[in-house]
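To start, the structure under review is shown below, and the notes come after it.
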Amino acid sequence: MKVGIIGLPQTGKKTLFQVLTGSEVHEAGCPAKPIPGAANIVDQRFDRLVAMYQPKKETRARIDLVLLPKMEQEAIAKGDIFRDISDVDALCHVVRAFEDDSIYHAAGSVDPLRDVETVNAELLLHDQIFLEKRIERLETGLKKIKDERQAKELDLLRRMQAQLEEERPLRLMELAEEEELLIRSYPLITRKEMILVFNVGEDQVGDTALLAQVRDLCAVGKMEAMTVSAKVEAEIALLDSEEERREFRSDLGIEQPALEVLALLCLKALGRISFFTVGKDEVHQWLVRVNSPAPVAAGAIHTDLQKGFIRAEVMKYDELISLGSEAELKKAGKLYVQGKDYIVTDGDILNIRFNI
């Protein structure tokens, strides 16, 4: 599952991508082609479990990221940018909200809400053009040969077209499983979940005014939003120790690391939750789809665990932390034995019993 990072020129996309992935992009400006990377999930629960178990090995879950070319008019006109966008599962739109006279803005001024609407309008237009062409082909084909499947698809696409004409993204539409299958291969961009990341200046860190301004816009368009100072996060990443990083954040009044907030929003957009396996050998964070039963979660660890699944021993993270140790948790009767129908919840700590 991949998250694509998009945005207009000079928004700080590349800086954010480098901070998230720990890699360097050597091209000047934003790259002309997509650049893949991966980011560790920053999760304080993982850190506390590592501190509790002191394992020989610690393995964080990761998210695949793709830095996409900047959305300039030339790229939009050619359409290459949309092919790149259609290849990812969710979008992280980096929006400039910082003032800096030394960095130009394509529109001549800094206006985050205008920029969000500009990009959203381009994505809506792309989907409209695609649907118009597909509807035209289906209508022509159905005049020659009656086909039930194509008739159902045409009806669905007309409803989707009406949605777009109302300037409403397709992710707002609830589709039946059969309808999902009809359009599964189509490059419909506004069906993807959207995270707005407002790149603010250092003096705006912790200021919630901008998020308050976009609250209604996000609710209407089913988007998540957060603020981050990519410049500040880049400076924090250069510090030698976690203690220094914590002190730096504390001095700036940052309660929760921005990268942790972004990781959580990415997981939400991708429909994923975290669960953990723990022990002296390793503390490991795993990702699984929301509403996955225990055997599916076992399969995320190893296919043999899913095939031979017997039961899952489940500890709840909050209960473990509250009681202080696994031994105390067991004394309190808080170790739960669950079968194949158990639905894994975010933060569960699992020990899978299996037999092959």
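Readers should treat all values here as calculations from the given coordinates under stated rules, not as data from a laboratory. Quantities reported herein were computed from a predicted structural model and do not represent experimental measurements. Cβ: placed from backbone, ideal geometry, glycine included. Neighbour counts: every protein chain shown.
A few comments on the model shown:
- Helical segments meeting 30 Å axial Cα length and Kyte-Doolittle -0.5 threshold in the chain (DSSP H): 112-144
- Gaussian network model of the chain, Cα within-10 Å springs - most flexible of L211, L305, L238: L238
- Built amide H within the under 5 Å cut-off of V290, gap 5+: R272, I273
- When you restrict to C-alpha pairs under 8 Å that are six or more residues apart and normalise by the size of the chain, the relative contact order lands at 19 percent.
- Theoretical FRET efficiency, 1/(1+(r/R0)^6), r = Cβ-Cβ of K334 and I310, R0 22 Å, to 0.05: 0.60
- Compactness of the range 211-332 as Cα Rg over 2.2 N^0.38 Å, two decimals: 1.39
- Dipole moment magnitude, nearest 20 debye, the chain about Cα centre, only Lys, Arg, Asp, Glu C-beta charged: 1620
- Stokes-Einstein diffusion of the range 306-356 at 4 °C, 1.567 mPa s viscosity, Kirkwood radius from Cα pairs, rounded to a whole number: 112 µm²/s.
- DSSP beta bridges in the chain [antiparallel fraction, %, rounded to 5]: 50
- Local electrostatic count, K2, Cβ distance below 9 Å [Lys/Arg +1, Asp/Glu -1]: -3
- Here the chain is treated as an ellipsoid with the same Cα gyration tensor; its semi-axes, largest first and in whole Å, are 38, 31, 16.
- With θ taken as phi - 60° and the Karplus curve 6.51 cos²θ - 1.76 cosθ + 1.60 applied, the whole-hertz 3J(HN,Hα) list for the range 312-326 is 10, 8, 10, 10, 8, 3, 4, 5, 5, 5, 5, 7, x, 6, 5 Hz, x standing for glycine and proline.
- Farthest toward positive dipole pole in the range 120-190 [+1 Lys/Arg, -1 Asp/Glu at C-beta], among A176, A151, T140: T140
- Each residue in L175, L123 was given a count of other beta-carbon atoms within 10 angstrom of its own, and listing them fewest first yields L175, L123.
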